[in-house]
1. Counting other beta carbons within 10 Å of each Cβ, put Lys434, Lys32 in order, fewest first.
2. Where the centre of each part is set by its Cα atoms, how far does region 244-319 sit from region 449-516, in angstrom?
3. For region 160-288, build the charge dipole from Cβ charges (+1 Lys, Arg; -1 Asp, Glu) around the Cα centre, then report which of Gly206, Ser234, Ala263 sits farthest towards its positive end.
4. With a ≥ b ≥ c the root eigenvalues of the C-alpha gyration tensor of the chain, is it rounded (a/c under 1.5), prolate (a/b larger than b/c) or oblate?
5. Which of rounded, prolate, oblate describes region 28-276, given a ≥ b ≥ c as roots of the alpha-carbon gyration tensor eigenvalues and a/c under 1.5 marking rounded, otherwise prolate only if a/b is larger than b/c?
6. Would you kindly derive the ³J(HN,Hα) couplings of region 459-476 from the backbone phi angles with the Karplus curve 6.51 cos²θ - 1.76 cosθ + 1.60 (θ = phi - 60°), listing them in order in whole Hz, with x for Gly and Pro?
7. So for Val480, Val226, Val198, fewest C-beta neighbours within 10 Å to most, what's the order?
8. For Lys187, list the aspartates and glutamates whose Cα falls under 18 Å from its own Cα; do not include residues on the same chain fewer than 8 positions away.
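Bear in mind these aren't lab numbers, they're just calculated from the coordinates by the rules spelled out. Because the structure is predicted, anything quoted here is derived from the model rather than measured. Cβ: placed from backbone, ideal geometry, glycine included. Neighbour counts: every protein chain shown.
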Amino acid sequence: MRFTYPACLILLASSVAYAAAPPTSDKMPITKLKPAVLVPGQCVLHYPVSTSSEKCQAYVDQALGYFYSYVWMEAARSFETALQHDPQCAFAHWGLARALERWGRGNANQQYQKAWELRHSANPREQMLFKASMQLKGLLPGVGEDDKRKLAAIETIDQLIAQYDDDEEAWYFRAQLAGGDGLFGGKASSVPFYKALVRINELHPGANHELLHFYESFRRPALGWVYAENYMKSSPGLPHAFHMQAHLATRLGRWKLTSDRSARAIELQREYHRRQNVKPSEDWQYSHHLETLLTSLVHDGRFTEARAIKNECLDAGFLLHEPFVRLHLAERDYAAAQAEIEQIALGGKRGKRVANARGDKATAAYYSAVCYLKQNDIYRVQPHLEVLRQAYRESKKDGKLLNRLQEVQGWYLCLSGEADAGLKLLAKVVERTKDDYSHHAWGNGAIYMETWGIAALAAQRLDVAEEAFHEALAHDPGSVRAALGMQIVCERQNRTDEAARFAALAQRCWSRADAGHLEKERAWLRGEKGIPPTPTTKEMSRR
């Protein structure tokens with residue numbers, strides 16, 4: 001069954017009235033955090049543990065949901081809140097140890113030892129989980145060092161699975177021991193264990209999250225799609241579940257879903273900040289989620305919404321200067337772009353250099369050059385091009401720098417009357433990056449192809465422009481510039497029907513774009529003069 005927002009909202013309906021507060025509102029002794037607020041329906045996972053307290057069980061379930069979404073601080077908070085309701089719950093101590101270890105706070109080993117001391121109050125499954133952790137951490141006598149510890153833990157978990165083959169924590173632990181301990185999908189050796197777990201529980205958040213990550217990094221993102229869907233179903237109230245499908249959508253060119261899922265993640269995150277009184281700067285996932293949404297909105301020409309997200313980043317102290325530059329270049333607010341470029345050069349914030357901060361002059365030069373190339377101001381490109389050349393002479397192993405240098409130089413040559421040399425350089429960049437999977441993350445797949453086509457179009461090399469724009473559409477079906485570029489190529493060759501089809505494609509790509517920007521983009525690609533500039537940030541605020 002396909003997951004829809006109404007289903008998500010139904011599941012979350014009960015979260016408006018949060019559960020009663022735990023026994024104390026003071027900061028707890030281990031995490032130094034105030035107790036967690038219970039949010040029914042946030043995650044569907046239920047793992048019964050040895051406790052007589054319903055509240056303790058509920059907080060343990062909530063903590064596991066957070067843990068499997070990498071929200072370490074909240075996992076630790078919920079586990080410790082569970083202990084407020086049942087201090088003798090050994091599993092809550094064990095879970096707290098795992099959360100503290102991932103969070104990098106507190107004394108995780110102390111909590112592992114506490115769980116072990118309380119093992120006789122736990123069921124046999126839990127006891128074996130605790131034993132495996134004690135072995136892995138070298139906290140039991142005679143367990144040995146390093147590899148011997150791991151082998152001992154594997155033997156314990158294998159014995160657990162042999163007796164209780166439906167135990168979800170056992171299968172997850174086994175996957176971690178098989179190569180998944182580094183998270184983010186881990187190694188291929190962990191995949192069979194995660195897949196065994198989803199056969200037991202199709203909606204296990206941890207297994208689906210890890211499999212999604214694995215197939216993304218395994219360069220088979222389409223295989224991760226079903227796990228992205230199931231991760232959202234498993235965790236309808238957790239922001240990261242929605243963000244993760246946006247991960248895959250950028251790689252697969254499904255930009256509408258990237259924006260929608262990212263927007264939902266941000267909505268849930270704002271609610272979490274209000275509910276638990278967490279500062280955005282304390283939420284380590286928030287800046288990444290905002291950046292993903294910003295990137296998607298810019299790709300789709302939704303610049304007003306993107307500006308709002310930029311402001312939210314600034315309010316939270318997230319100075320994402322490169323994404324901000326890309327926003328302003330795309331909307332043609334060149335003054336705002338230069339202000340962000342200056343920050344990159346200074347290595348500072350809000351117009352001030354930060355003590356001991358080093359500016360990135362090469363990156364600043366690259367974006368300055370692109371800014372002037374987009375305005376056909378080739379004379380002002382030259383000094384920035386020289387900075388890039390010098391930077392590359394000093395760092396010849398920097399492939400990203402080489403790509404940027406050749407992109408700028410190739411485009412510059414095309415605008416300077418040396419199209420053959422310029423297009424040759426741009427073709428080299430495309431050839432070098434077209435199969436580079438890392439380059440294709442976050443919608444970068446068509447960028448150099450678009451530049452190749454734009455420069456060829458400006459130089460009246462329609463055959464090269466057509467090849468470049470077709471390549472761009474093959475790598476990013478949502479590339480509006482490639483669609484518009486093909487429209488113009490077809491118009492200049494009197495291929496009227498094809499031109500109309502590409503115009504319709506461009507309209508679909510930017511179906512939710514700000515009014516007027518599609519026409520501005522088309523006019524710019526046609527080389528029309530007198531394109532009205534986008535109002536500057538200050539002008540927008542005055543309005």
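1. Neighbour counts put them in this order, fewest first: Lys32, Lys434.
2. Here the answer is 29 Å between Cα centres.
3. Looking along the dipole axis, the top candidate is Ala263.
4. prolate
5. oblate
6. Computed from phi, the couplings for region 459-476 are 8, 6, 9, 5, 5, 5, 4, 5, 4, 5, 5, 5, 4, 4, 5, 5, 8, 9 Hz.
7. Lowest to highest Cβ neighbour count: Val226, Val198, Val480.
8. Cross-link targets: Asp147, Glu210, Glu216.
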